[in-house]
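Presented below is the structure to which this report refers.
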């Protein structure tokens, strides 16, 4: 279907990849992985033809339908959510518009009636062949899967937040059903229910899927091939993400062994040359070895992916009852979110709060953290409890003119720079990244910086609302490792099943039937309920 043959691409002095070759075959589901800046987005642009290779050949069929979802929702407005989604369906959407125009012309046709009738028949036939009459129903199904309630799809798309506009943009691409789907982090802004729906959609998709994704479970359940970009090289691995990680470790070990053997051989030959270069009797041997050294193709030192860990301080011990929620009630207008909720969170417990959109997960966390007052009842923090609260608005407290390192130094003035650099590295700020000003950081980078500050404080109660949003798999694992070692109490919301499996010791499920408490880890919750998220069957 599509092939890269010895492709080289660079921007100025930055070489992204050299002599890269790989193939994308019909029906494959491919995960594109690599560190930030490695060139994943560039590969998408090369596939689309938005950019040209500096060298090499990109082979693609002349007629190939490609749909690309990017992290840019644009500023759509003026159409309903449903109409905006349908408008992205390509040829069939255009035919639908022409069909509507021809219908109007039929009613007012004069001498051109025969011409209009013939064109109407042609367009209608093609529209029907492409499934045009089922288009709105399919759009409704996709929008529902991505979290839109049926009664909302008639609303103007311009009224949506950026995150919900991203869902509409994703729905447009999925509805179009191109031969190749290029998806750049499609799970960003999705809740767990929508992620599970998308996972099933992609597994059943008849075309080819190439995706970058920070959700490890999707990469394991959907993807059957990994293309890795790192250090100017592109390598292909057959298998899912877990297979890739194992194979990468083995391949790295082989490359390091080959490099070490060659370095030992080169050192031995160089010692011989150095020792005997002035000996007339050894002159021919010296020249022979010099020629041999010149002909040897040098193995580059293998790049190593460093996953940093940071040893966080042990929090002070709290009392046994950390949070007491007593007959809590909260409503927004006529919509009652919580009505008489009561529970006690005890020291050392890790509560995952789950529920569909609108169930009140973030509202509950805000009330526990004291950021929102209940209408009735109380959420009380226990004795000797120090609270750390992370939510998306936490990023607003960062100082725009600070660098990453200056922000950490201002937050922890007694810590030495080496310790703070280690903290920054654990959250993905490596080398010169620590000198980036906060004002140019992406949303994901700001989230990582805010989390680093929170983890440094070592509170004995952490309330975390979607802490893994926008984190790549490597940084997620660093955060998860830190939280696994954390000895305090935790209440969190997450749409990442890796987080839920690793961290939750209790599950609170919020739903129309009232709150339900499961006194065990996430895997037991799944086994007990028969679903991975409220309302979704396994």
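No value in this document is a laboratory result; all are computed from the given coordinates. Please read all numbers here as calculations on a predicted model, not as lab measurements.
Give the Rg/Rh ratio for the stretch 75-159, taking Rg as the radius of gyration of the Cα atoms and Rh as the Kirkwood radius, to two decimals.
Across the stretch 75-159, the Cα-based Rg/Rh ratio is 1.08.
Suppose we take every Cα in the stretch 181-314 and form the convex hull; what volume per residue is that in Å³?
Per-residue hull volume (Cα only) is 176 Å³.
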Once the Cα gyration tensor of the stretch 328-389 is found, what semi-axes does its equivalent ellipsoid get, as square roots of 5 times the eigenvalues, in whole Å, sorted largest first?
21, 13, 10
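Out of every Cα-Cα pair in the stretch 70-221, what percent are more than 20 Å apart?
That fraction is 53 percent.
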Taking only the alpha-carbon atoms of the stretch 396-440, the convex hull volume per residue, in cubic angstrom, is 67 Å³
Rg in Å to one decimal, and Dmax rounded to a whole Å, for the stretch 137-237 via C-alpha atoms:
14.8, 49
Taking the convex hull of the alpha carbon atoms in the stretch 188-256, what volume per residue do you get, in Å³?
100 Å³
Alpha-carbon radius of gyration plus Dmax, which is the widest Cα pair, for the stretch 1-92 in Å
16.1, 46
The stretch 244-295: mean projected area of Cα convex hull, nm²:
4.0 nm²
Provide, as a two-decimal number, the C-alpha radius of gyration of the stretch 158-211 over 2.2 N^0.38 Å, N being how many residues it has.
1.13
What does the helix-only formula give at 222 nm for the chain: each DSSP H stretch with n ≥ 4 adding -39500 (n - 2.57), the total divided by the residues, and the result rounded to the nearest 500 deg cm²/dmol?
-12500 deg cm²/dmol
Over the stretch 237-372 - Rg/Rh using Cα atoms and the Kirkwood inverse-distance radius
1.45
Enter the mean projected area of the convex hull around the alpha-carbon atoms of the stretch 321-529, in nm², rounded to one decimal.
12.1 nm²
Cα-Cα pairs in the stretch 438-533 separated by more than 16 Å, as a whole percent of all pairs, come to 59 percent
Centroid-to-centroid separation of the stretch 246-296 and the stretch 443-503 [C-alpha atoms, Å]
47 Å
Average silhouette area of the stretch 346-437, convex hull of alpha-carbon atoms, in square nanometres:
8.8 nm²
Expressed as a percent, the portion of alpha-carbon pairs in the chain spaced more than 46 Å apart is 26 percent
